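J.: Could you have a look at this structure, given as structure tokens, before my questions?
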Amino acid sequence: MQTLPELYMLNSCPFCWKVRGMLDILNIEHKKIPVNPMKAKKTLPSAPEWTKSPVWRETDGEIIVDSTPIMQFIDQKYNDGALWNTTDEARRDHWLEWLDSKMSKATIPILYGSLFSALRTTRRVAKMEKFGFFSRQIYAWAGFPIMWGFIARKRVKKDGRKPKQLWHDLLDEFIGAFNDGQFFGGESPDMIDLVAFGYVSSIEPYPQFSQVTDHKAGMTWFKAMKEASKA
Ligand SMILES: N[C@@H](CCC(=O)N[C@@H](CS)C(=O)NCC(=O)O)C(=O)O
């Protein structure tokens, strides 16, 4: 009998961090179930239709997939939709789309964009994940050429900016969209803050995060978000 809702997740997955930030801020008791990406088809309750992480499973067995819909579901069920509700839907929808298309694509360049950073990241990932020893080794050593060789290099080249510059530009743009208050949502965070917080948090465990921490306004917001999730 499942007594708590479950989050199927991967520590290295930025989309999972989006949901994790929301669970922290709303203080929702849940169980985290690590997913071994090489066994996702067997582990995820949404398979075979959906084999990506995160997946959310309610205690009554209801399954929700895809990070943004999961966040909307959780906000609705546990929080009366207060994080999603706004008086300016066009602004919210525009920035949600911006985050899920632009910021989401910036995590791979900073983590895997150079040979050295890709090596550091894959080894850190292998340490951080909870799946078995052999899977972790395969992930670390096979993941590295895939992430660096095929995905990250292409993305960095296409963008033309160094990953650090890309992040500073993104944070300038995001913080520039704030009205009054220290959050996108004003005096307190809203769904858009949480989506951005998830993407930024997903790079925090890695040494490359130091390239982001010298963005002053970005870090002031990031720290305020952390405080909000502890409160
Ligand atoms: N749009 C999805 C993307 C999720 C996603 O791509 N997750 C990755 C891990 S970071 C994954 O599970 N990839 C495996 C696959 O694509 O089969 C979301 O926001 O949840």
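The values are calculated or read from the model by the stated rules, or taken from the named source; none is laboratory data. It should be emphasised that the depicted structure is a prediction, and the values quoted were computed from it without experimental measurement. Cβ atoms come from the backbone with ideal geometry, glycine included; neighbour counts cover every protein chain shown. Surface areas here come from the heavy atoms of the whole protein model, side chains and all, with no ligands, DNA or RNA. Shrake-Rupley method; radii C 1.70, N 1.55, O 1.52, S 1.80 Å.
J.: Within the stretch 46-91, count every residue that is within 16 Å of the ligand (Cβ to nearest atom), within 20 Å of residue 26 (Cβ to Cβ) and of a type in the set (D, E, K, R).
T.: Number of matching residues: 3.
J.: Under 7 Å by Cβ, and 6 or more places apart or on different chains, what pairs join a residue from the stretch 67-85 that is closer than 18 Å to residue 199 by Cβ and open to solvent by 50 Å² or more (accessible area, probe 1.4 Å) with one that is among the hydrophobic types (A, V, I, L, M, F, W, C) and in a loop (DSSP other than H, G, I, E, B)?
T.: Between residues of the stretch 67-85 that are closer than 18 Å to residue 199 by Cβ and open to solvent by 50 Å² or more (accessible area, probe 1.4 Å) and residues that are among the hydrophobic types (A, V, I, L, M, F, W, C) and in a loop (DSSP other than H, G, I, E, B), the close pairs are 72/84.
J.: Report yes if some residue within the stretch 105-121 is more than 21 Å from residue 67 (Cα to Cα), within 14 Å of the ligand (Cβ to nearest atom) and among the polar types (S, T, N, Q); otherwise report no.
T.: Scanning the stretch 105-121 turns up at least one residue that is more than 21 Å from residue 67 (Cα to Cα), within 14 Å of the ligand (Cβ to nearest atom) and among the polar types (S, T, N, Q).
J.: Taking the stretch 142-161 only, how many residues are open to solvent by 60 Å² or more (accessible area, probe 1.4 Å) and without any contact (Cβ under 8 Å) to a residue 24 or more places away in the chain?
T.: The total comes to 7.
J.: For the stretch 1-52, how many residues are closer than 17 Å to residue 69 by Cβ and hydroxyl-bearing (Ser, Thr, Tyr)?
T.: 3
J.: Restricting to the stretch 22-42, name every residue that is near the ligand (Cβ under 10 Å from one of its atoms), surrounded by fewer than 21 Cβ atoms within 10 Å (Cβ to Cβ) and either small (Gly, Ala, Ser) or under 17 Å from the mean Cα position of the chain (by Cα) (or both).
T.: 37, 40 - these are the residues of the stretch 22-42 that are near the ligand (Cβ under 10 Å from one of its atoms), surrounded by fewer than 21 Cβ atoms within 10 Å (Cβ to Cβ) and either small (Gly, Ala, Ser) or under 17 Å from the mean Cα position of the chain (by Cα) (or both).
Residues are listed down the side, and each one gets a yes or a no for (1) open to solvent by 40 Å² or more (accessible area, probe 1.4 Å); (2) over 26 Å from residue 85 (Cβ atoms); (3) in contact with a helix residue (DSSP H, G or I) (Cβ under 6 Å, 6 or more places away or on another chain):
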residue	(1), (2), (3)
180	yes, no, no
188	yes, no, no
194	no, no, yes
199	no, no, yes
214	yes, yes, no
219	no, yes, yes
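J.: Could you pull out the residue among 50, 56 that is among the aromatic types (Phe, Trp, Tyr) and open to solvent by 30 Å² or more (accessible area, probe 1.4 Å)?
T.: Result: 50 is the single residue among 50, 56 that is among the aromatic types (Phe, Trp, Tyr) and open to solvent by 30 Å² or more (accessible area, probe 1.4 Å).
J.: While we're on this one: With the condition being at pLDDT 95 or above and hydrophobic (A, V, I, L, M, F, W, C), I'd like the helices (runs of 4 or more DSSP H) fully within the stretch 122-231 carrying at least 3 qualifying residues.
T.: 163-176, 191-201, 216-230
Every residue, every condition in (1) within 11 Å of the ligand (Cβ to nearest atom); (2) modelled with pLDDT of 95 or more, yes or no:
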| site | (1), (2) |
| --- | --- |
| 5 | no, yes |
| 11 | yes, no |
| 20 | no, yes |
| 44 | yes, yes |
